[in-house]
Amino acid sequence: MRSLPRLALIGNSLPRRCGIATFTTDLQQALADGLPKGSTSIIAMNDGDRNYNYPPTVEFEVRADSLRDYVDAAKFINRGSFDVVSLQHEFGIFGGDTGAHILALLDRLTVPVVTTLHTVLTDPNAAQRRVFSRIIAASARVIVMAEMGRKLLIERYQIDPGKIEVIAHGIPDFDFVEPDAAKAALGFADKTVILTFGLLSPNKGIEVMIDAMSAVLAVKPDAVYVVLGATHPNLVREQGECYRESLVARAAALGIADRVIFLDQFVDRPTLLQHISMCDIYVTPYLNREQMTSGTLAYSFGLGKAVVSTPYWHAVELLADGRGCLVPFGDAAATGSAIAGLLADEPRRQAMRRRAFKASRSMTWEETADRYLATFESVRSMAVGPVVGAGTAQATRSTPSIGLGHLEVMTDDTGLLQHALFTVPDRRHGYCVDDNARALLLTTMLAKLGEQQIGETITSRYAAFVQHAWNADIKRFRNFMSFERSWLEEQGSEDSHGRTLWALGATARHDENRSRRRWAEQLFSDAYAIAESFDSPRAATFTLLGLHNYCAAVSDPAASALRLRLADRLLVLFQQVETPNWVWFEEGLAYDNARLCEAMILTGKATGVGAYLDTGLRALGWLLERQTSASGLFQPVGTEGFADVREVPRAFDQQPVEAAATIAACVAAYGATGESKWEPAAGHAFSWFLGKNDLGEPLVDVETGSCRDGLHPDRRNENCGAESVLSYLLSLADIRRLDRMNATRAGIRAPTREPTTPHSLRQPRGRLAASQVSQPPSTLPSA
């Protein structure tokens, strides 16, 4: 057996009476047998406010309908040094609409999850599919117990086959024995015993087997049908013992009351195995074709019993090739005939038993636990954070070409429109300086790369919008403009002012048009002083990004002094907030988080102040760990958690701006330090755009450059607004810049690619000068 330090199992647990409780407990015990003491723990689901006398292995209890309990359970797991979580999923055991409460736990976990799916529905309703898909997305691996489950996940849910493991239901390692000794011990000597075990409920088909007994008794007058098991607790709560009483009455009406024996017990494993041992035929007359798993079937099969069953999915696979006998659903005559035939043909029945026992040896709990542990180990190794090597390295990364078609669609003769309905510009919301400034920043980055540029006319529109946004009377930029070209405010937010300074600084340093560089220098000079009065840490961040380029292009002592004061302000925030577990500038995580890291890294490198650089790098490493899901995917901070204080980031809604900020910060870290670990981290975040995300769906059309507005828990946001397309294109430009850094390090020129964008946006330009290409990575200019 392999070993792992700590495993948490989430599911029902004995002594709660249900099949999931039995499975979870059996799996925990099998895993614990091969691990050090205390390595496994159960987080038990409770139905309502019922209390159970759990053993010490149950370390945490969750009331199914208490959302707070799920959140607290996630905290318990995250703080408990667990390496992997094993989740048992069955419809009906978790609270919320179709079990949605479990998502509150999964979204907060910082360790990988392996989910065992006890049911896979062929035709789920919309709510079931939404929750089920989210659970699968949050899981590093999913386990099913039958090949049909694997087939359904691939065909109906489009799950990557590499994410699916088929591991059989575990069985006790029990000897192949004849039933005589167990019969004598249990008082059934000289009887032919047919057995059904399990919690009684109408879907078990007990009525069919009672009706079939007449045909069995015609061949074996000494036969008895033993029904071992308590009535399902949920059924008892709803209607008492009416169902059991109806079965007793049915047998009496057929005149076989003495031949149908009900043992109203929920038995422990030794007692169960003894009862299975005594039977000559085990029967599962279940009525649901889509039953994926039957523990009672697996146990009886594993003890080498001749099994007669209806053809539900688990039975079809397990009893194939003469390992059992299948009969039609609800057909008492066929059931009676099949059982009578086996009892009358001893050689055939014994051959069936031997085939079943031989086939089941790979299903023992020891073998099953070993396969679970192998799966746990594989996902544990996957879940290493991107800073230490996850993600896609440049050597294997295929960088898309730069497509600008959608950007052109979103740009009119005024500037860049804010929003879109799908890919159609939505004029109702007009324009904002935030987006037009970032569009100007993009033109500067593309010019600097020398691979492709937006046309001069389009660039001038973005610059003109920025100029028109300037309110010289109060030295602030306006932000929002209606489609009718009316400003909706006298001044915009601090953040929009900072973003505009960021774009102006890059333009002043890198724009190929000398006149526009001079314009940007002048407007930046007029607009930067007021930023010192801003309270927003992100306004200071964006201003620092602008100052990084402006101070490299213009000798301005006042600007250089402001850069140090703003960086000091962020440094003080960091020092006031930081704890061993919270390495950040603020009490929570919000939007554009990694830009704070980028600003500190670039400022530290440019000014030579080591404290700035060290702070930016440490904060970025910490952030990357929290933006990596338990399954190893990049998972940007979700908007649902912006108000949380020192909590694990929420998984949704995920926005392109967060991926763009992370990529830029990683590229800045790589350029500043030359440390190779930052390169795959950037690729890891960029792969989010291309489909390596929680939904497994790409957000971009690489040909047009359109980008969807984000990921919801169950779907993509199909609108492709300005912020999203700019986030993608800025990210792509950063990845291209990273490629150039690597080419420089390798002593070769990075290849250029033919653009696939409308000609109206393209103007051929010269390549980077040889002197620029030969610069070391740490001195390549940053936007």
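The values are calculated or read from the model by the stated rules, or taken from the named source; none is laboratory data. The structure presented is a predicted model; accordingly, all values stated were derived computationally and were not measured. Cβ sites come from the backbone with ideal geometry, for glycine too, and all protein chains shown count toward neighbours. Accessible surface is based on the protein model in full, side chains and every heavy atom, while ligands, DNA and RNA are left aside. Shrake-Rupley method; radii C 1.70, N 1.55, O 1.52, S 1.80 Å.
In whole Å, what is the distance between the alpha-carbon centres of segment 435-470 and segment 514-533?
15 Å
How much net charge surrounds Val725 when only other residues with a Cβ under 11 Å from its Cβ are counted (Lys, Arg +1; Asp, Glu -1)?
Surrounding charge for Val725 is -3.
Any chance you could check the Cα centroid distance between segment 162-221 and segment 695-719 for me, in angstrom?
Between the Cα centres of segment 162-221 and segment 695-719 lies a distance of 52 Å.
Would you mind getting me the FRET efficiency between Asp222 and His712? Use the beta-carbon distance for r and R0 = 56 Å, nearest 0.05.
It comes to 0.35.
Please state the relative contact order of the chain as a whole percent: Cα pairs under 8 Å, 6+ residues apart?
That works out to 12 percent.
For the pair Ala126/Asp413, report the inter-label distance in nm, with labels modelled 7 Å from Cα in the Cβ direction.
With each label point 7 Å from Cα toward Cβ, the separation is 4.3 nm.
In straight Cα distance, which lysines are under 29 Å from Lys37, not counting same-chain residues fewer than 8 positions off?
Result set, ordered by chain and number: Lys75.
Nearest-5 percent of antiparallel DSSP beta bridges in the chain?
Expressed as a percentage, antiparallel bridges in the chain total about 25.
Taking only complete DSSP H runs, can you tell me which helices of the chain stretch 30 Å or more along their own long axis by Cα positions and average at least -1.0 on the Kyte-Doolittle scale?
557-577, 722-746
Dimensions of segment 10-54 along principal axes (Cα, Å, largest first)?
33, 18, 16
Solvent-accessible area of Arg485, probe 1.4 Å, all protein chains present, reported in Å² to the nearest ten, please.
130 Å²
Working with all protein chains in place, sort Arg371, Arg361 by solvent-accessible area computed with a 1.4 Å probe, largest first.
Arg371, Arg361
Tell me the trypsin sites (Lys or Arg not before Pro) within segment 249-297 that lie in a loop according to DSSP and have at most 15 other beta-carbon atoms within 10 Å.
Arg289
Sort Met148, Met741 by accessible area with a 1.4 Å probe, largest first.
Descending accessible area places them as Met148, Met741.
Provide Rg over Rh for segment 146-213; use the alpha carbon set for both Rg and the Kirkwood Rh (inverse mean inverse pair distance).
Ratio of gyration radius to Kirkwood radius: 1.17.
Would you mind classifying segment 69-168 by shape? Square roots of the alpha carbon gyration tensor eigenvalues, ordered a ≥ b ≥ c; an a/c under 1.5 is rounded, otherwise it is prolate if a/b is larger than b/c and oblate if not.
Verdict is oblate for segment 69-168.
Give me the percent of accessible area attributable to carbon and sulfur for segment 1-64, probe 1.4 angstrom.
Of the solvent-accessible surface of segment 1-64, carbon and sulfur hold 47 percent.
Could you work out the relative contact order of segment 544-661, using alpha carbon pairs under 8 angstrom and six or more residues apart, expressed as a whole percent?
About 23 percent, as a whole number.
Please list Lys163, Lys37 in order of solvent-accessible area, largest first, computed with a 1.4 Å probe with all protein chains present.
Greatest to least solvent exposure: Lys37, Lys163.
Pairs of Cα atoms under 8 Å, at least six residues apart: use those to get the relative contact order of segment 70-184, whole percent.
22 percent
How much solvent-accessible surface does Glu512 expose, in Å² to the nearest 10, with a 1.4 Å probe and all protein chains in place?
80 Å²
For segment 479-535, what does the equivalent ellipsoid look like in terms of its semi-axes, each the square root of 5 times an eigenvalue of the Cα gyration tensor, given largest first in whole Å?
Working: eigenvalues 98, 55, 15 Å².
In descending order the semi-axes read 22, 17, 9 Å.
Do any chymotrypsin sites (Phe, Trp or Tyr not before Pro) in segment 665-751 lie in a DSSP loop with no more than 15 other beta carbon atoms within 10 Å, and if so, which? Spell out each step's value before the answer.
Numbers: sites: Tyr670, Trp678, Phe686, Trp688, Phe689, Tyr728; in loops: none.
Taking segment 665-751 and a limit of 15 other Cβ atoms within 10 Å, no loop chymotrypsin sites (Phe, Trp or Tyr not before Pro) are found.
Grab the other residues whose beta carbon is less than 11 angstrom from that of Arg323, score K and R as +1, D and E as -1, and report the net.
The answer is +3.
Which of the lysines could be linked to Lys183 by a straight reach, that is with a Cα gap under 28 Å, when you skip same-chain ones fewer than 8 residues away?
Lys191, Lys204, Lys220, Lys305, Lys358
Heavy atoms of the protein only, probe of 1.4 Å, neighbouring chains included. What is the accessible area of Glu245 in Å², nearest 10?
120 Å²
At a Cα cut-off below 20 Å, give the lysines reachable from Lys677, other chains included and same-chain residues fewer than 8 away excluded.
Leaving aside lysines fewer than 8 places away in the same chain, those within reach of Lys677 are Lys605, Lys692.
Kirkwood hydrodynamic radius (Cα pairs, Å) of the chain?
After inverting the pairwise mean of 1/r, the radius is 29.7 Å.
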